[in-house]
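Notes for the one structure printed next.
Values in this text are rule-based calculations from the coordinates and carry no lab data. Since we're looking at a predicted model, the values are computed, not measured. Backbone-built Cβ (ideal geometry, glycine too); neighbour counts: all protein chains shown.
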Amino acid sequence: MSSARKTSPNKPPLPVSRISRAQARRIRYLFFDIDDTLTLEGKLPWQALRALWRAKEKLGWKVVPVTGRPAGWVDHIARMWPVDGVVGENGGFYFHLTEGGRDGRLMRHFLQPEEARRENRAKLLDVFTALRKEMPHLRLAGDQPYREIDVAIDICEEVEALSTAEVDRVVKAFRSAGAQSKISSIHVNSWFGTHDKLTTCGLFLQEVCGISFDDALDRIVYLGDSPNDEPMFSRVPLSLGVANVKRFLPSMQHPPRYLCRKPGGQGFAEAIQHLTELIDDNPN
């Protein structure tokens, strides 16, 4: 995947209202984060679910969540949600349904073989164990048992929120061990490998949709809310942040190009409604 056409770093986001009709009418692929982008306060608002169905059924887009959540969650989402596939664990794999059986056959594409995944998890857990000697209150994310690629540290989901300094200490420890480490709105996710959300979205497009990322670039819209979305924000011209991304903007090298007025799933629904109005003269 080419590294060309990166968006300008540190450029303040524009309001969603600045998106043009021409941009909206080119869209064929919707990629989006889940936690605090599609959800709001840990729940999936009905407006966001309605917007998902609208994007897939009314607008005819390919709909693909791109999440830090684990393989166990992604298995369910790929089967049960109105989506065409799911990128999970920050790009560690993608799952999608093909024809077969009553409800389709789930295809799983991992970027690492099983033995490598097992060895890498063990090394990551060693880093976590060492960190707990300095930070005994540190906890793995509640969904860690269902992960295949990464280790997730809970920074606020089910624990008292860690301070910025503590989060930075966690990230530094994993990076010092040679791992990638990204901050989401709820976790610090760390893994070995060169993959991220961007690279595996590119694989999904090439292998499932039959188009390169570069050729699809002007047809993609991406929505996110936190620093682990920066790989996608850095490349996708039509990148949108829901309102709660604002707390991360001072530390982001590659912010989204556009900003919703509303947070989380309400902002997601706002974005899809606005894009629908630009595309369709009868958006309801």
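Here are the numbers for this structure:
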| quantity | calculated |
| --- | --- |
| Gap separating the Cα centres of segment 9-64 and segment 81-103, nearest whole Å | 19 |
| The chain, helix-only ellipticity at 222 nm - DSSP H runs n ≥ 4, -39,500 (n - 2.57), divided by all residues, nearest 500 | -9500 deg cm²/dmol |
| Spin-label model distance (nm) - L140 vs R25, 7 Å beyond Cα toward Cβ | 5.2 |
| Cut-off under 5 Å, modelled amide H: who pairs with A141 long-range | A152, I153, D154 |
| Segment E160-M80, length gained on full extension (0.36 nm per residue, minus Cα span) | 25.6 nm |
| Orientation-averaged projected area, Cα convex hull of the chain (nm²) | 14.6 |
| Estimated inter-spin distance, T194 and R118, nm [label 7 Å along Cα→Cβ] | 2.7 |
| About the Cα centre, charge dipole magnitude for segment 49-205 (Lys/Arg +1, Asp/Glu -1 at Cβ), debye | 360 |
| Lysine pairs within the chain, Cα separation less than 18 Å, 8 or more sequence positions apart or different chains | 12 |
| Stretch gain in nm, segment K133-W46, where the contour uses 0.36 nm per residue and the Cα spacing is subtracted | 27.0 nm |
| Euclidean distance between Cα centres, segment 128-190 to segment 234-260, Å | 23 |
| Ranked by how many other beta carbons lie within 10 Å on average, peptides 220-229, 187-196, 242-251 from highest | 220-229, 187-196, 242-251 |
| Whole-angstrom Cα spans of segment 114-191 along principal axes, big to small | 35, 24, 20 |
| Test item: Cα-centred dipole of segment 114-191, Lys/Arg +1 and Asp/Glu -1 on Cβ, debye | 300 |
| Segment D215-R108, extension gain: residue separation times 0.36 nm, minus the distance between their alpha carbons | 36.1 nm |
| Residues with amide H under 5 Å from that of S184, placed H, sequence gap 5 or more | N189 |
| Long-range HN-HN contacts of L44 with modeled amide H, under 5 Å | none |
| Neighbour-count ranking [beta-carbon atoms within 10 angstrom, fewest first] of K58, K43, K262, K197 | K43, K58, K262, K197 |
| Fewest-first ranking of Y146, Y94, using other Cβ atoms within 10 Å as the exposure measure | Y146, Y94 |
